[in-house]
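For reference, the structure is listed below as structure tokens.
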Amino acid sequence: MFTFEVLPPPKGSGIDSVYDAIDPLMEFEPSFIDVTYHREEVSFREFPDGRIEKKVLRKRPGTVGISAAIKFKYGVEVVPHIICGGFTREETENGLIDLHFLGIHNLLAVRGDNLPGEKHFRPTKGGHEYASQLIAQIHDLNAGKYLDEEIEDATPTAFTIGVAGYPEKHAEAPNLKSDIRHLKAKVEAGAGYIVTQMFFDNTKYFDFVRLCRKEGIEVPIIPGLKPVTAKNQLHTLPRTFNISIPEDLQREIEKCSDNRSCRQTGIEWCIEQSKNLMRSGVPVLHYFTMGKSQSIREIVARVF
Ligand code: FAD
């Protein structure tokens, strides 16, 4: 079994690019499709007179609409991501009500990153600081507890909640142990499963699962995978996602003379990772497509 994620297209583009990413994978019957959420970004525009204008823009809106469109077009379960950053609790509640009315009952709840240029994640006034608080809010709604305490006999929602886990620890965590303690808090707040950050060495995943179990985390832990598809990713992926690239993979990629052979090397590595994880009995594999599914198609076709 496998799942994958798609990104909303940049503002101004149509939804066809999302369908183009999904179509090649549907014949392999994904268990569900995630749709990522992208918070606002800050950019600066300089005018000829020297004035600088700050612009705050959401460049990839549409997660809820795209999730509903995918669900109804393909008849597949969807998992929109929902984030803390940029939202008050009230806005979050209203977004959850939209999803509830659309019949979308699976969510992946994450905090989101800091805005570019900000040193630390800053919660929105009246919003959540950590994903565990967002999960607690969703859990409350599942119990029919809305923010407005005067609402009586409220309809409970029925969300299943997934959360993010980090086999090589989250970038801000002082150590893996404290990160796993905070992960446990997300499970205690109501998360039903964990999807991991990408990793390229399966022992990182197996060690992480062992540590989670030791800490008393019992929910399924779905491994997240991505093939390296270009040489520059040897640097960009570790920097962006706080992950490491094993030496063997680094050597193989560095030997490649062009992007095509690089991509093929990354795909072969990911296939071996996938097969090894499946043999070890993981519940399902999750693939990060980064909006492009052709490499994932080649992997899935040889693994499933
Ligand atoms: P949290 O669980 O809140 O943890 C953030 C940090 O705070 C960690 O270092 C943790 O150890 C620490 N911490 C937690 N609780 C406490 C506490 N009580 N006291 C002190 N420290 C604490 N981002 C997006 O913007 N959109 C997406 O769609 C998206 N999808 C993702 C999907 C997956 C599978 C993964 C792995 C990540 C995804 N992200 C996404 C990225 C995610 O938003 C970032 O990694 C973010 O920096 C952390 O999110 P979190 O939910 O893990 O945060």
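Considering region 151-166, and only residues there that are away from the ligand (no atom under 16 Å from the Cβ) and of a type in the set (Val, Ile, Thr), the residue that is nearest to the chain's Cα centre (by Cα) turns out to be THR157. Considering region 1-104, the qualifying strands (runs of 3 or more DSSP E), each wholly inside and each with 2 or more residues that are within 30 Å of THR155 (Cβ to Cβ) and in contact with a Ser or Thr (Cβ under 8 Å, 6 or more places away or on another chain), run over 2-6, 32-35, 77-83. So for region 71-85 (the condition being within 16 Å of the ligand (Cβ to nearest atom) and on the phi > 0 side of the Ramachandran plot), does at least one residue qualify? Checking region 71-85: not a single residue is within 16 Å of the ligand (Cβ to nearest atom) and on the phi > 0 side of the Ramachandran plot. Here LYS292, LYS275 are screened, and the one residue that is among the basic types (Lys, Arg) and modelled with pLDDT under 95 is LYS292. Selection of region 138-192 for residues being out of contact with any Cys (no Cβ under 9 Å at 6 or more places or on another chain), in contact (Cβ under 8 Å) with a residue 12 or more places away in the chain and of a type in the set (Gly, Ala, Ser) yields ALA143, GLY144, ALA158, GLY162, ALA164, ALA171, ALA185, ALA189, GLY190, ALA191, GLY192. In the condition set (1) crowded, with 19+ Cβ neighbours inside 10 Å; (2) over 30 Å from PRO283 (Cα atoms), PRO116 is compliant with all but (1). In region 24-41, the residue that is farthest from the ligand (Cβ to nearest atom) out of those that are aliphatic (A, V, I, L, M) and farther than 17 Å from ASP113 by Cα is MET26. Residues of region 193-246 that are away from the ligand (no atom under 15 Å from the Cβ), under 16 Å from TYR287 (Cα atoms) and assigned to a helix (DSSP H, G or I): ASN202 alone. Looking at region 119-131, can you tell me whether even one residue there is assigned to a helix (DSSP H, G or I) and closer than 27 Å to PHE241 by Cβ? Yes: one or more hits.
Among the residues of region 42-58, is there at least one that is surrounded by 13 or more Cβ atoms within 10 Å (Cβ to Cβ), at pLDDT below 95 and within 16 Å of the ligand (Cβ to nearest atom)? Spell out the reasoning first.
The first filter runs over region 42-58 and keeps only residues surrounded by 13 or more Cβ atoms within 10 Å (Cβ to Cβ), leaving 58.
Filter again for at pLDDT below 95, leaving 58.
This time we only want the ones that are within 16 Å of the ligand (Cβ to nearest atom), so: 58.
There is at least one residue in region 42-58 that is surrounded by 13 or more Cβ atoms within 10 Å (Cβ to Cβ), at pLDDT below 95 and within 16 Å of the ligand (Cβ to nearest atom).
The single condition among (1) in contact (Cβ under 8 Å) with a residue 12 or more places away in the chain; (2) more than 21 Å from THR36 (Cβ to Cβ); (3) of a type in the set (Lys, Arg) that LYS255 does not meet is (1).
The values are calculated or read from the model by the stated rules, or taken from the named source; none is laboratory data. Fair warning: this is a prediction, and the values are worked out from it, not measured in the lab. Glycine also receives a Cβ, built like all others from the backbone with ideal geometry; neighbour counts cover every protein chain displayed.
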